[in-house]
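Please treat every number below as a calculation from the coordinates, not as lab data. Predicted model, so just to flag it, every value in this text is computed and none were measured. All Cβ positions, glycine included, derive from the backbone under ideal geometry; neighbour counts span all protein chains shown.
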Amino acid sequence: MANGEFVRARAAGLGLMRQYAFAEVMARIPLPVKIDSLPDGAEIFLNGESTGRRTPDWVAWNPVETTTVTLKLRGFDDAQETLLGVDCERITTELKRVTDLNRISWEFHKETIWESSVSGAVEAEPTRIGDSVYIATRNSLVYRIDMAKMRLELLWDARGESLSGFASSPLLQDDHMFLAMVEGKLMRVSLKDKKVVWKKPLPGRIYAPLALSGQMLFAGDVSGHLTAWDAPSGELLWQHPLSGEIRSRPIVAEGKVFVTTSTGHLYAYDLSGELVWDVVPGVEGRTQLGTPLVRDGRLYVCRADGTLHAFDLATRKEVWRVSVPAEIRSDPVLAGDLFFLGALDGFVYVIKGGKLMTKLEVGGSILCSPAVSGGRLIALNDTGRILRAEFRDGKFVTRWRYELDEDAEEDFRMRVPPLLTGDRVLVIPESGQLFLLRD
């Protein structure tokens, strides 16, 4: 019923009351009332039964009977109001946020905006350019998601080129795409005519993402070789064998390429291939270092044992280090002056200035980096749980948390960080399902 019809029904009902007995009229014509909430979007229940409507909206009620209105919105306490008297035309309720994580139950998410799937396991973080998200799978397929139109398309089929598929992110430059095949091949593909421009062998199998700076392409493989290529032609410019496997993305900053290895070494080469750094944060051994991060004259790198190190780029000396009480399998996220680390104990830890500030419990084990933007945080765990929180004044406030499927934990293992796009969240489990949620 439209709003105008509700108003006319109220006027008609009140007119009948003036002519007939109150109870007789009320038995025939329920009255409309507008239910509103701050924030809106709360589900409206009358006497414990859902109306199927959300605030702000009109509902019909019978003033002869006592009517209890209950408003339910995830992340907020339930609110109740009682309707009394025929003159009740509108109620507005301010909802209060739930701050105790244990009071919100995990539940199957029934409000996805869009769902789809790709063929093959997704082990590499998607590449986002504007409204487009590019996904490479272990079935040697590359997909593109148009986030504005919520449409999935197959961009490139490399099953004739690759036996093992892709475990690293696709890189795009102009109308070309660079891909690394797990078995140890590097290729450049033209997106205009869907043809391979060049294909080159690598010294070893590759799981680490590629890095692109101008016309130079960098790759690190599990044989421990760092290679630099001319991106247009595919010519090998230089290569160096390093100590240990390379499983993290090389980073180009300050005119250097930084890369880490499984033996705990942090290397830096200038773009001509000359060694500039060879540092071992902590104790040398088989302790994998994550992807380096360079910001404002400092370099940050996290060890798998949970220790975050900060170095001064000019002096190459360590400025501070701080440890969390759990191992780390993902890269830290730097937002402003705050670091967010997802750990195997199921917590997201917050570090500022070399000191541990606080932590947020997600549960399970966290295998991928959280997404952080404008004080918002989305964290995923290894069983398909999604937690949305806000970080205010040094504390977390939980907004909501969902579970994609409580009966299929293995299918929804999360290794790929979520993507925050406006008021939407893109989640990609390892199995290849795609879920677009509204924040």
statement: So for R0 = 22 Å, FRET eff. of T51-E94 from the Cβ-Cβ r, to 0.05, ends up at 0.60
- request: Could you calculate the contour length gain from A253 to V196, that is, 0.36 nm times the residue separation minus the distance between their Cα atoms, to one decimal place in nm?
  value: 17.6 nm
task: Order the peptides 311-324, 293-306 from the highest to the lowest mean number of other Cβ atoms within 10 Å of their residues.
output: 293-306, 311-324
task: Treating cross-link reach as a plain straight distance, find the lysines whose alpha-carbon is under 21 Å from the alpha-carbon of K195, omitting any fewer than eight places away in the same chain.
output: K185
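Kirkwood Rh over alpha-carbon pairs of segment 148-239, then Stokes-Einstein at 20 °C and 1.002 mPa s: what D in µm² s⁻¹, rounded to an integer?
The calculation lands on 159 µm²/s.
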- prompt: Nearest 10 degrees, 0 to 90: what angle lies between the long axis of helix 3-17 and the longest principal axis of the chain (Cα atoms)?
  reply: 20
- request: Compute the length gained on full extension between K72 and A314: take 0.36 nm times their separation in residues and subtract their Cα-Cα distance, giving the result in nm to one decimal.
  value: 81.6 nm
- prompt: Which of the listed residues, T68, W198, V427, is farthest toward the dipole's positive end in the chain, when Lys, Arg count +1 and Asp, Glu count -1 at the beta-carbon?
  reply: W198
statement: So the FRET efficiency between V280 and T358, C-beta based with R0 = 51 Å and rounded to 0.05, is 0.95
message: Between Q80 and S233, what is 0.36 nm times their sequence separation minus the Cα-Cα distance? Round to one decimal in nm.
response: 48.3 nm
- prompt: Among G255, G354, G160, which one moves the most in a GNM of the chain with springs linking Cα atoms closer than 10 Å?
  reply: G160
- prompt: Please state the relative contact order of the chain as a whole percent: Cα pairs under 8 Å, 6+ residues apart?
  reply: 9
message: Which three extents, in angstrom, do the Cα atoms of the chain have along their principal axes, listed largest first?
response: 96, 51, 37
